[in-house]
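Working notes, beginning with the structure itself.
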Amino acid sequence: MTCGPSRWSGPDTVSYVLKRLGQTVLTAFLTILTVFVLLRLAPGDPAYNYAPPNPSTEQLEAIRKQFGLDQPLLQQFWTFLSNLFHGDVGTSFQFKQPALQVVMDRLPYTITLAIAAIVVTTIIAVPLGVWMARRNNTAPELGANIATIAGQSMPDFWIGFVLLIIFAVNLSWFQPSGFATWGELVLPTATIAILQIALISRLVRREMVANLAAPYITVARSRGVPERDLTWKYAFANSAIPVVTALGTRFAAMLNGVVIVEVVFKWPGVGALVVDALQRRDFPLIQATVLVTVILALVVQLAVDLVYPILDPRVRLGEASS
Amino acid sequence: MTTATAQSTDIPGTVVTPARLRRSAAARRHRYSRIKMWLGAVCAGVVIIPVLLAQVLPLQDPVNGSLAQALLPPMTDGHLFGTDANGRDLLSRVLHGGQTSLLIGCLAVLVSGAIGIVAGSLAGYYGGWIDTVVSRLLEAQMSLPLLLMLLLVVALFGPSILVITLVIAIAQWPEPARITRSLVLVEREKPYVAAARVLGLHRLTIIGRLIIPNILQQALVVVFLLLAQAVLLESALSFLGAGVQRPYPTWGGIISDGRQLFITGQWWLVTIPGLVIALLVIGVNLFGDGLRDRVRRTKAAS
Amino acid sequence: MAHEVSGDRTSVRAATPSRRTILQLAGFLGAGAFGGPLLSACAGPTGQSSAVTGGGEGGSLSIVLNRNLVSLDNKLNQYDAAVTVQRAVREALTRIGDDLTPQLVLAESFEATSPTVWTVKLRNDIHYSDNSKVTVEDVETALKYYFQVKAGYVASQFPEQPAFAKIDDRTFTLTTKKPVVSLMSLMSNILITPAKANKPEELQGGIGSGPFVIAKSDSGTGSYTLTRNDNYWGELAHLQQVNVSYQEEEGGRVVALTSGQADVIDTITPESAAKLKTDPKVDVIETPGTRLIHLFYNFREPAGHPLSKVEVREALSHAIDHASLIKALMNNQVSSAEGVVPKTLSGFYKTGDYVYDPAKAKAMLAAAGATGLKLRVIWEDAEFSGASQVLEAVAQMLNAVGVSLELKMIPKGGEINAWRRGESGDWDVLANGYGNQTGLAITNLVAQYAGTAEKEKTRDTYHGFVVPQITDLLDRASQEVDEAKQTALLDEAQKLIWAQWPAMWAWTPNNVLAKRKRVRGLRLRPTNAYDLRAISVVGS
């Protein structure tokens, strides 16, 4: 294969990466700004949640001062921004520790769950999707098709509860909550994976069906290339791109979206933390969580976009990215 | 080399028999999409019809129950689904709750569909800065912690039907927008659009009266599928406590109430409403999928 | 964002897939390498009970609380289950005993040498876990810092800050301007730490003089490990180790207990208690509690409002069928109040019972011209267990006597504060829980019923309850040093309060705790705390 200019070199690519980085920073900033403002506009008095029961006006004022909530909104935002540049996202009202620390302490648990779910999803969904594509328009495929539709239709908290009832309460195979041993990973992962497998396998099937019907496959088949090679080396190779993109996007979404599963299974991750923090109006903790998860999700997406040229040499970064 | 015997009803001399036709890929696709549509309609109908008729059916009071009848398991004492902790009939609560959930779902889908189609077609047709803005918004929304933002907005404006509908609509507009945009991008290059421009038609007219009707069928299928997602999202919000307020039942709210109880053996409060949601959503998705199979032109062919 | 790959697909790809496959494989491996360190950093047990070494001395206990024990220090926060763990590490001069009267701990004597002066003498055998002596300076510093902490919970229970004066190495006096009769009980919440290590904020680590020391503490996940203090000045604890963690989800706690993952869980709902009683490996302990939950009226209604008439308030109380509520929704785990404070508190006076009589209710309402009344009840989400169900049932009961009750649940987040102060909207009844940390009835009474017009200006009364006669009685009682006279004053005050029918219904939930049978020596106090020192575990 002749080597032309590397697909990653050149001013186009560099400017593309810079542009994307800039967009990432901008999106993260706007998100934080929105969250910041919304939090302070929402009704509810954070001081009340951290005051002694039946607090007097004086006590509430003292707490508000301690949290810096008595200052005007712009002032608060300015303080927040200037602290942000020093890497200080504020001190959690509830834990009295740097909010960033609290989030980073619990982030690995969420990441574990997300990774486990993605791995299981990939292992099952990809072969399933390919099988469904090969057997397209046959009766067994219809069954699988309906099953995957069912899989993506069930509410995740319901799946979680049903699994809990069957396996934890009645059969007692697993503990219903917390993360004391590796065994507890099974049920939450299964809950997430059912939905993701359904979605990804359908995507794989869609792409594969389209690719398998393409003229070049027919030509290759007529040249005598074996079916298995056609399926995997030709059609699948071309389908890999949207699938990898989807997996990457799903992973990023999972970092934001395992909240419900974490609540149902009482997983010590970031999702449950933020729901709790929202109820208690722990502003710094909510802000820190949003900041971390948004940046993480954007970084993953950026990584997926950068991996593109490896997967498809026809893609040049910076062009046709619409 | 094989000489197939022609059936008597055939065009004489052909190998193509009705049996072969029936086995062909196209016929099978048609058949399977019909199976899916029927199955979907039945599943969804089993849920939607009783819900719509909830005021009319002879159901017990969903709001006032009798404490003496608290926490009865399904199929006791005339309670098909059992009762909840306040002694209220679960079947009745599920059906009445379904009205709220379905109402919110339909409204949200209408709003998000409208916004999505309009935004997507404008972005697809005009391109330029409109496209950039819309695409950036789409991208930004994907990276947001969606559930958290929704909870925050509900905390801000209060959990009323209007707010929850808008919140779900905002969560869902990217899908129709994206689809519409890519469809419009394709349509834009077609000759009839150029002809319309030459004839001096205003661009908005072109979009509204020519392009949108052509893509509407495909876009609407996507919007229809959103109904299922909207119902799921509404129940998720209720489950997390941000749903419509007491004592009116919502599906997610009933499940949330039952959360503490399933561990002590009262499984029906959690499983049955969830099963109803699942059935509805599966039905809608199956129907929509079958519909899409009918409507879509395959990628390879276009 | 969809990447449209344009270009036709007619080229046959024979050589490139293998390179692509390699690259994809590399990508996956890379992701694995990224995830690996994360994974290994993640797997952490959260409060597992280690194997027991057999009966007698040693062994470990696993406690799962229902809230995050944010710190082992109580300057800002104190709730029942926390007391158990906090007192295991740090001690105070006194403590609230099993009968809710104060007992001596670090102090050898604690006497009122005059109405406004208390003389305290420390024991001479007390020391911290590192053998350093507990000094009078430590007490002074602790007292100072508790009051310095802004809006501290403990400090707010004192009517004023006592002035400290050292007399000698073991003796000091506490002086107040007005007599504070319950000082001995109040000082039970001032935990003593070495002065140098103490700060006017909640301490995360550090040492105390208690029977256990902190081995590991992580306030983010709420997990703590305590080990026995072999240097304890008193009788050594039996347990070698205590693991503390928390889980808000009730179901999770229950199954942790039944599976053996946890040894003790507290604050259980009636349904779970019912189920646990059938488990052969579990004991369920119930004691009457000290928390009062009541449906309190809004005393800030405009004049002429039906609720400002005592007869109307009394009538509504007769409409509540509390027996059914207790049986069906509360699983018999609460007792209907017999006075204005919980029965368990010292100083309680029985003023009457809540009686269900719907006919009487209707008659009284009609006589007062209040039939067809429309009321609104507010409460904070999860204020008490089963709140929504209980209030929905109450609405039904009121319906039966012709009163319509609108339910408005205020979501968590502090919004309820504005409502309670009358700044958010109109309401008529509030479902509110009121806890007690001193064991004394007078604490509740003063906080709720001693309102003044002055305090009402800043909305610092208990929902507008201002009855000067009652306030006067309570003020005099707080300063009365003679016990008999004080009791007489308090009884009189409680009678007057009851006659006002300030709450539609009130009840005290039992403290319910479940433990595995291997745990011995657990005595649950009405304050929902117990002494970790006395606990031992046998077998497994």
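The values are calculated or read from the model by the stated rules, or taken from the named source; none is laboratory data. The shown structure was predicted, so the numbers you read here are calculated from the model rather than taken from an experiment. Glycine also receives a Cβ, built like all others from the backbone with ideal geometry; neighbour counts cover every protein chain displayed. Remember, those area values only see protein heavy atoms, side chains included, never the ligands or the DNA or RNA. Shrake-Rupley method; radii C 1.70, N 1.55, O 1.52, S 1.80 Å.
Which ³J(HN,Hα) values in Hz, rounded to whole numbers, follow from the phi angles of region A:144-155 under the Karplus curve 6.51 cos²θ - 1.76 cosθ + 1.60, where θ = phi - 60° and Gly and Pro get x?
5, 4, 5, 4, 5, 4, 4, x, 8, 9, 7, x
For region C:132-203, which trypsin sites (Lys or Arg not before Pro) are both in a DSSP coil and crowded by at most 12 other Cβ atoms within 10 Å?
C:177
Can you give the angle from 0 to 90° between the axis of helix A:283-311 and the longest principal axis of chain A, with both taken from C-alpha atoms, to the nearest 10?
20
Quick query: amide H of residue C:537 versus all other amide H atoms, modeled in the peptide plane; which residues come in under 5 Å with a sequence gap of 5 or more or a different chain?
Close amide H contacts, sequence-distant or interchain: C:520.
Could you tell me which of B:250, C:511, A:303 has its Cα farthest along the dipole of the protein assembly as shown towards the positive end, charges placed at Cβ (Lys, Arg +1; Asp, Glu -1), taken about the Cα centre?
Result: A:303.
If you take the accessible area of A alone, add that of C alone, and subtract the area of the pair, what total do you get in Å², probe 1.4 Å, to the nearest 100?
5600
Normalised radius of gyration for the protein assembly as shown, please: alpha carbon Rg relative to 2.2 N^0.38 Å, two decimal places.
Taking N as the residue count of the protein assembly as shown, the ratio is 1.05.
Only Cα pairs under 8 Å and at least 6 apart count here; give the relative contact order of region C:205-315 as a rounded whole percent.
Relative contact order here is 13 percent.
Could you tell me which GluC sites (Glu not before Pro) in region C:411-462 are loop residues by DSSP with no more than 16 other beta carbons within 10 angstrom of their beta carbon?
C:423
On a 0 to 90 degree scale, rounded to 10, what angle separates helix B:174-188 from the longest Cα axis of chain B?
10
Here is the link list: C:177/C:485; C:121/C:517; A:65/C:495; A:65/C:196. Which ones come out longer than 29 Å on Cα distance?
Table pairs above 29 Å Cα-Cα are C:121/C:517; A:65/C:495.
Could you compute how much accessible area chains A and B hide from each other, both sides summed, with a 1.4 Å probe? Nearest 100 Å² is fine.
4300
Quick query: amide H of residue C:215 versus all other amide H atoms, modeled in the peptide plane; which residues come in under 5 Å with a sequence gap of 5 or more or a different chain?
Excluding prolines and chain starts, which carry no amide H, the hits are C:225, C:226, C:227.
As a quick test, which of the pairs C:144/C:166; C:350/C:455; C:309/C:362; C:277/C:343 have an alpha carbon distance above 22 angstrom in this structure?
Over 22 Å apart, Cα to Cα: C:350/C:455; C:277/C:343.
Could you state how much accessible area is buried at the C-B interface, both sides summed, with a 1.4 Å probe, in Å² to the nearest 100?
Its buried surface, counting both partners, is about 1900 Å².
Under a 1.4 Å probe, what is the accessible area of region A:10-311 per residue, stated in Å²?
37
Can you list residues whose amide H is under 5 Å from residue C:406's amide H, if they're 5+ apart or on another chain and H is modeled 1.01 Å from N?
Amide H neighbours of residue C:406: C:375, C:376, C:377.
Pull up the cross-link candidates among the lysines for residue A:233, meaning alpha carbon to alpha carbon under 23 Å and not fewer than 8 places away within one chain.
Cross-link targets: B:299.
What does the net charge come to around residue B:22 if you take all other residues with beta carbon closer than 11 Å to its beta carbon, with K and R at +1 and D and E at -1?
Surrounding charge for residue B:22 is +4.
Which percent of the accessible area of the protein assembly as shown is formed by carbon and sulfur heavy atoms (probe 1.4 angstrom)?
That share works out to 60 percent.
Return the percentage of antiparallel bridges among DSSP beta bridges fully within chain C, rounded to the nearest 5 %.
75
Over the alpha carbons of chain C, what is the largest minus smallest coordinate on each principal axis, giving the biggest first in Å?
Result for chain C: principal-axis Cα extents of 96, 70, 48 Å.
Leaving out ligands, DNA and RNA but keeping every protein chain, what accessible area does residue B:267 have, in Å² rounded to the nearest 10, with a 1.4 Å probe?
Solvent-accessible area, nearest 10 Å²: 120 Å².
In whole angstrom, how far apart do the alpha carbon centroids of region A:277-303 and region C:404-435 sit?
31
List, in order, the whole-Hz ³J(HN,Hα) value for each residue of region A:264-272 obtained from phi through the Karplus relation with A = 6.51, B = -1.76, C = 1.60 and θ = phi - 60°; use x for Gly and Pro.
5, 9, 6, 7, x, x, 6, x, 5
Could you give each residue of region B:105-111 its phi-based ³J(HN,Hα) in whole Hz, using Karplus coefficients 6.51, -1.76, 1.60 with θ = phi - 60°, and x for Gly or Pro?
My calculation for region B:105-111 gives x, 5, 4, 4, 5, 4, 5 Hz in order.
May I ask what percent, to the nearest 5, of DSSP beta bridges between residues of the protein assembly as shown are antiparallel?
Roughly 75 percent of the beta bridges in the protein assembly as shown run antiparallel, per DSSP.
Excluding same-chain residues fewer than 8 positions from residue C:216, which lysines have a Cα within less than 19 Å of its Cα?
Those lysines meeting the cut-off are A:96.
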